[in-house]
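Encoded as structure tokens, the structure appears first; notes follow it.
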Amino acid sequence: NASKTAAQKTTAAEGGPRKRGGSRPAPGRPTPEPPEVSEPTLPREPLPPAPDQDGPATVSPTGQPTGAPRSAVAQGGAYLTNAQGTRLPDSDHSLKAGARGPVLLQDHHLREKITHFDHERIPERVVHARGAAAHGVFRGYGTAAKISKAAFLAKDVETPVFVRFSTVLGSRGSADTVRDTRGFATKFYTEEGTFDLVGNNIPVFFIQDGIKFPDVVHAAKPHPDREIPQAQSAHDTFWDFVSLHTEATHHTLWNMSDRGIPRSFRMMEGFGVHTFRLTNAQGSTSLVKFHWKPKLGVHSLVWEEAQITNGMDPDFHRRDLADAIEAGAFPQWELGVQVFPDTPEQTFEGIDLLDPTKIVPEELAPVRPLGLMTLNANPTNFFAETEQVAFHPGHLVPGIDITDDPLLAARLFSYLDTQISRLGGPNFAQLPINRPHAPVNDMLRDGMHQTAVHAGVAPYRPNSLDGGCPFLAGADEGAFIEAPVELPAARKVREAPASFADHFSHPRMFWLSMTPTEREHIIAAYTFELGKCYEQAVKERMLTVLARIDPQLCEGVAAGLGLPAPAAAEPLADVEPSPALSQIGRTWPVDGRVIGIVADGDADLKGVRAARKTILNAGMVPLVIGPTGGVLGSRNPVTVQRTFATARSVEFDALLFAGVPRAAADAHGARDAKAGAPDPDGPDPRVLLLLTEAYRHGKAIGGWGDSSRILGAAGIQEDEPGIAFADTSAAALKQLTRALAGHRAWDRFPATV
Ligand code: HDE
């Protein structure tokens, strides 16, 4: 969000003080200027007691508000009560027969407190268990009326949304930066009912028919005997399945590409995957594929960076999203559609639109923008919102309908079914996060966790006792009427259309669309994953699959595995590349990028202060990395935000050196087990590690004064790509920012394919 001042964007990412509870600034309302923030070790006054430590605060004993927002604290009243509202005198001691005596079964407060605790967890999602979410708004550009009558698209209106991003394979507590597909599910609370766009960051899927979903998920989940490995596909059962089941080839190739390890949820595309059918006010229909395009561009981690991040900060993506929103740097995506004529064949340029393993290249059908989504508020409570949100691809509104994609059909069944076991019954739509914003007037009654008190006696139709109410709506009253699609006369069969048998033309198109660097990454990813398999037969079979995509890919992976590369069994598909699929070669806004400024007490601190200001003004986040917590310098000191002990390269998009910090002989963590105390004249080894990792990961590295000396210690040449040293901090930053716009110094990566 370029309109926010840079300073407004820094509070959370700099580790600054958090607001208690949720933050929901109204869109457009400025976030207050952040105070200078510090490493937690900086001496300071003790924190004042939190309101709940300080006695009754939010409401007075007579229930009068005292000023603090109720939503910001856990307590809704002055006194602790049990679940029945009875005030409690003690919540720390069980009721006992004497201080040293047995605990009494009659202690209802004890039983209620422990019983509730015992049931605090609900089953995690069978897939997409780990996720993070945010609230926001979607504003239609009002350009969709020609193709859809859905009011939130066709009119220039603002619709509240809730978006949940997720990994697919890992458990709720798994790491964020694993190689996996990411879920991108959006709930639009429209005035005509709730519309859920339950998509992924990859536009194709492993299977063409929903009946195969348990197979692919069983193969990809950890092995059932030892339950390893967690949250990844690098194991035998996954590769066993996908090497036999070649319709998974396209999706797997995307997973092995950089798309499988996104830099941030904010930098991912989203796709509806299936083809949908839109209907306009005149009743004409068109087929569409939904796309989310991130304003910050599509960026990925590099593999080693992703692995280090899994250990350093398993919550990396979750933290990144929440910090950006809390700091006012609201992530944005444009929603767009590729539009195709709704012909009986349901194909476009020979591509079967009902086959979810195929894409339509954007060069053939451009993505037409329909509106802009801005995520501007973090959830107040993870469980109530992120965990309990229930998406369903069948939550549709007038103007948006499904097609006969056989994968979508199974999903339409599955999501309702899964919510019943996950959320404990059929009334999950009454949970606050799932409640439609359109008025609900259904005849669904009773069931587990019913929270509505339905009046009246006639929840049935027809009735006379409620005066015949409620009435049925027609199209003019906004009813959802399924598009009256002609169905061909057909036989009942368990078959797929002939076009579904093509499993290789689109993987080949994807491969051909990649730059040499991206191809290197793909070869390395397959080599890693197959190298983790124990079964030789699985590796060999997978190589025969890769040979059908491209011989270079197959040879590269075979060489890494130490196996012979088989030749393709059939001629390779003759396809054109689609340049839109590559992530490399364009420039993007540097908004929200994190620059680590390395300095110690001897550094040019005036330059550090100036650099901080310049970085903030450019909408980026400066983090000063110093030898210890506290401050650098005494007059006009600079606050240290990360220390050599707490910082790791993965947190930064670029590094800026204000000097070359030397190793302190007594620095814990700076000593090598074998070498003992580091060379007192050399750079601190932890800083050297920062530098070498950032370099290996293609990050921009710069500095001023004589700080370029540090390059020599790491064996880096000053004239290499993405290396930006200059006389002043301003000149170095200028070069550094230019390099950052391309995301990484791609020329630094080897490209032999
Ligand atoms: Fe899902 N999927 N899925 N899926 N899916 C679920 O629903 C399922 C598929 C996707 O953040 C589950 O509420 C079947 C494609 C997302 O809460 C479950 C099939 C796409 C999320 C389910 C698919 C997705 C889910 C588990 C094949 C991309 C997370 C918990 C027929 C277009 C939503 C839940 C969230 C979640 C079933 C295939 C995306 C079990 C049977 C294709 C983003 O119902």
Evaluation of ASP215 against (1) of a type in the set (Asp, Glu); (2) in contact (Cβ under 8 Å) with a residue 12 or more places away in the chain; (3) within 26 Å of THR309 (Cβ to Cβ) (one fails), failing number
(3)
Number of the exception - VAL650 against (1) without any contact (Cβ under 8 Å) to a residue 60 or more places away in the chain; (2) closer than 29 Å to LYS532 by Cα; (3) surrounded by 22 or more Cβ atoms within 10 Å (Cβ to Cβ):
(1)
Would you point out the residue of segment 184-194, among those that are buried (at least 22 other Cβ atoms within 10 Å of the Cβ) and of a type in the set (Phe, Trp, Tyr), that is nearest to the ligand (Cβ to nearest atom)?
PHE184
(1) among the hydroxyl-bearing types (Ser, Thr, Tyr); (2) in contact with a helix residue (DSSP H, G or I) (Cβ under 9 Å, 6 or more places away or on another chain); (3) within 14 Å of the ligand (Cβ to nearest atom); (4) assigned to a loop (DSSP other than H, G, I, E, B) all hold for THR403 apart from (2)
Members of segment 421-431 that are within 13 Å of the ligand (Cβ to nearest atom) and either surrounded by fewer than 16 Cβ atoms within 10 Å (Cβ to Cβ) or of a type in the set (D, E, K, R) (or both)
SER421, ARG422
Counting only residues that are within 14 Å of GLU387 (Cα to Cα) and surrounded by fewer than 23 Cβ atoms within 10 Å (Cβ to Cβ), how many does segment 165-182 have?
3
Within segment 195-208, is there a residue that is more than 25 Å from PHE340 (Cα to Cα), within 16 Å of the ligand (Cβ to nearest atom) and surrounded by fewer than 23 Cβ atoms within 10 Å (Cβ to Cβ)?
no
Scan segment 363-376 for residues that are within 18 Å of PHE184 (Cβ to Cβ) and touching a helix residue (DSSP H, G or I) at 6+ places or on another chain (Cβ under 8 Å) and report the count.
4
Cross-chain or 6+ apart pairs with Cβ under 6 Å, segment 431-449 first and assigned to a helix (DSSP H, G or I), then surrounded by 11 or more Cβ atoms within 10 Å (Cβ to Cβ) and among the basic types (Lys, Arg)
none
For ILE595, indicate whether it is buried (at least 22 other Cβ atoms within 10 Å of the Cβ) and either within 30 Å of ALA732 (Cα to Cα) or of a type in the set (Lys, Arg) (or both).
yes
If a residue has to be touching a helix residue (DSSP H, G or I) at 6+ places or on another chain (Cβ under 9 Å), in contact (Cβ under 8 Å) with a residue 60 or more places away in the chain and closer than 25 Å to GLY136 by Cα to count, how many in segment 276-302 make the cut?
8
Does PRO398 meet the test of being in contact with a helix residue (DSSP H, G or I) (Cβ under 9 Å, 6 or more places away or on another chain), away from the ligand (no atom under 15 Å from the Cβ) and not small (Gly, Ala, Ser)?
yes
Members of segment 495-544 that are in a loop (DSSP other than H, G, I, E, B) and closer than 17 Å to VAL242 by Cα:
ASP502, HIS503, PHE504, LYS532, CYS533, TYR534, GLU535
Here's a check for you: in segment 126-149, which residue that is assigned to a loop (DSSP other than H, G, I, E, B) and within 16 Å of the ligand (Cβ to nearest atom) is surrounded by the fewest Cβ atoms within 10 Å (Cβ to Cβ)?
VAL126
Just give me the residues in segment 484-527 being at pLDDT below 95 and small (Gly, Ala, Ser), in sequence order.
ALA489, ALA490
Here are THR252, THR237: which of them is of a type in the set (Val, Ile, Thr), assigned to a helix (DSSP H, G or I) and away from the ligand (no atom under 16 Å from the Cβ)?
THR237
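The values are calculated or read from the model by the stated rules, or taken from the named source; none is laboratory data. Remember, it's a predicted structure, so these values are computed and weren't measured experimentally. Virtual Cβ from ideal backbone geometry, glycine too; neighbours counted across all protein chains shown.
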